[in-house]
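Questions regarding the structure given below will be posed in turn.
The values are calculated or read from the model by the stated rules, or taken from the named source; none is laboratory data. These numbers come from a predicted model, not from an experiment. A quick note on method: Cβ atoms are made from the backbone with ideal geometry, for glycine too, and the neighbour counts reach across all protein chains shown.
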Amino acid sequence: MSDAKTNPAHGGDIQSASQRFGIVPEQWLDCSTGINPDAYPIPDIPEKYFYQLPTHPLEILISAAKKYYQVGHLLLAAGSQPLIEAIPAMRQPCRVAIPDVGYQEHIYHWQRCGHQVIQYSGFDTQTLNRLIIEGDVDCAVVINPNNPTGKVQSIASLKKWQKKLSVKGGWLIIDEAFIDTFNDAFQNEEANKSFAPYSELPGVVVLRSVGKFFGLAGIRIGFALAEKTFLEQLSARMVLWSVSGVSQYVAACALADRSWQQLARLRLLNHSQWMLSLLDSVFPQQKIYSTALFVSVKVDKTMAAAIAEALAKGGILIRQWPLPDGENTLLRFGLLSAKDDRDRLAILLRQAVNAEYDLLVSP
Ligand SMILES: Cc1ncc(COP(=O)(O)O)c(C=O)c1O
């Protein structure tokens, strides 16, 4: 459980790992993020975007994004992170429910703005449901699907919570950074888990990221979807010219490219299946939580630390999430596409886990 007094740590920090383990950055295999390993290919970018100030969002981006998210209003930002930082400052101190296990930036920024954070389990629905229905919180943050537990809340639950919270002016913030693989609204409405189509209901804010599914974490593009007046207020808190025209152009191409998106969904499902079966075979007794962008396994904390360390010594970075029970850790594995990378992980992981089990049986 986090008290979020200090800046949360994040995956993808190859530079720090490189210094700690004395391995040059180029030799690392980065499994510490939930980013698509087969990123959207960078298109030819018209030169003007390098020279012009991005005073207004690009029309081609806004129209591609509205179509992709199926909404009438949205706000462009430099990733979903600046939105996560700005939203808590938009209201007087209140009681807000946030998952204990989940992207820690939410807890950190709500606490920094003086709000009372009430943590609920990142693995289930019941505690959050009770907090909202019994009126114990004014606002709630849902990470859907949760990173790293993979827990998905249903549209029906989200609708119920929105109704209850909005009666007293409360907000329901839904962080959908990892939802794109569930979101093929064009093809299959049944499969859609995104709350984007309901983002104009009172008090709802949906956050979307172009970093994960499209593998474009470096271009820093995200969106808030909400009622128009809320977006206007949020927009006033964004930094002028913070999203470059170059990034906007790349995102416009990615969001409009339906055939790439369809192929990416299939490829990610394949990558995720491969990781799931590797972890299933290496950790037959452990609980595994899988999404189309990462797979997490629950392991005793001492063993988890030893496995992460052994992998790091072999140049493979994974992410550890200590759990609130104080006993266990979730080891989160980002996906791999290349066969050589998969072989490298499979061999090293088996060695690391076998070494730990040998220690257990012959102390
Ligand atoms: C659940 C979740 N939300 C939001 C973010 C922020 O991502 P970005 O600012 O790249 O959109 C992250 C980053 O890892 C995340 O894990």
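Name the helices (runs of 4 or more DSSP H) wholly inside the stretch 6-91 in which the number of residues that are modelled with pLDDT under 95 and not charged (D, E, K, R) is 1 or more. Break it down into steps so the answer makes sense when it comes.
Numbers: elements: 14-21, 48-51, 59-69, 81-86.
Fully inside the stretch 6-91 and qualifying: 14-21.
Test residue 17 against the criterion of being within 17 Å of residue 253 (Cβ to Cβ) and surrounded by 12 or more Cβ atoms within 10 Å (Cβ to Cβ), and give yes or no.
Spelling it out, it is not the case that residue 17 is within 17 Å of residue 253 (Cβ to Cβ) and surrounded by 12 or more Cβ atoms within 10 Å (Cβ to Cβ).
Going by the conditions given, is residue 132 in contact (Cβ under 8 Å) with a residue 40 or more places away in the chain, farther than 27 Å from residue 276 by Cβ and crowded, with 21+ Cβ neighbours inside 10 Å?
Criteria not met by residue 132.
Here is a further query. Note down all Cβ pairs under 7 Å where the first residue falls in the stretch 46-68 and is more than 12 Å from residue 223 (Cα to Cα) and assigned by TED's automatic domain parsing to the domain that holds residue 243, the second is of a type in the set (Asp, Glu) and modelled with pLDDT of 95 or more, and they're at least six residues apart or on different chains.
Listed pairs, sorted by first residue: none to list.
While we're on this one: Given 278, 330, 336, 268, which one is surrounded by 20 or more Cβ atoms within 10 Å (Cβ to Cβ), part of a helix (DSSP H, G or I) and in contact (Cβ under 8 Å) with a residue 40 or more places away in the chain?
So the residue among 278, 330, 336, 268 that is surrounded by 20 or more Cβ atoms within 10 Å (Cβ to Cβ), part of a helix (DSSP H, G or I) and in contact (Cβ under 8 Å) with a residue 40 or more places away in the chain is 268.
Looking only at the stretch 236-265, count how many residues are in contact with a Lys or Arg (Cβ under 9 Å, 6 or more places away or on another chain) and buried (at least 17 other Cβ atoms within 10 Å of the Cβ). So that I can check it myself, show each step before the final result.
Here is the first cut: in the stretch 236-265, the residues in contact with a Lys or Arg (Cβ under 9 Å, 6 or more places away or on another chain) are 242-245, 247, 255-256.
When the remaining residues are screened for being buried (at least 17 other Cβ atoms within 10 Å of the Cβ), the result is 243-245, 247, 255.
Within the stretch 236-265, residues that are in contact with a Lys or Arg (Cβ under 9 Å, 6 or more places away or on another chain) and buried (at least 17 other Cβ atoms within 10 Å of the Cβ) number 5.
Does the stretch 154-164 contain at least one residue that is of a type in the set (Ser, Thr, Tyr), at pLDDT 95 or above, surrounded by 17 or more Cβ atoms within 10 Å (Cβ to Cβ) and in the same structural domain as residue 73 (by TED's automatic domain parsing)?
Within the stretch 154-164 (the criterion being of a type in the set (Ser, Thr, Tyr), at pLDDT 95 or above, surrounded by 17 or more Cβ atoms within 10 Å (Cβ to Cβ) and in the same structural domain as residue 73 (by TED's automatic domain parsing)), the answer is no, since none of the residues qualifies.
Of (1) closer than 19 Å to residue 334 by Cβ; (2) in a helix (DSSP H, G or I), residue 297 satisfies all except one. Which?
Tallying (1) closer than 19 Å to residue 334 by Cβ; (2) in a helix (DSSP H, G or I), residue 297 fails exactly one: (2).
Which one of 300, 280 is acidic (Asp, Glu) and touching a Ser or Thr at 6+ places or on another chain (Cβ under 9 Å)?
Just one listed residue meets the conditions, 300.
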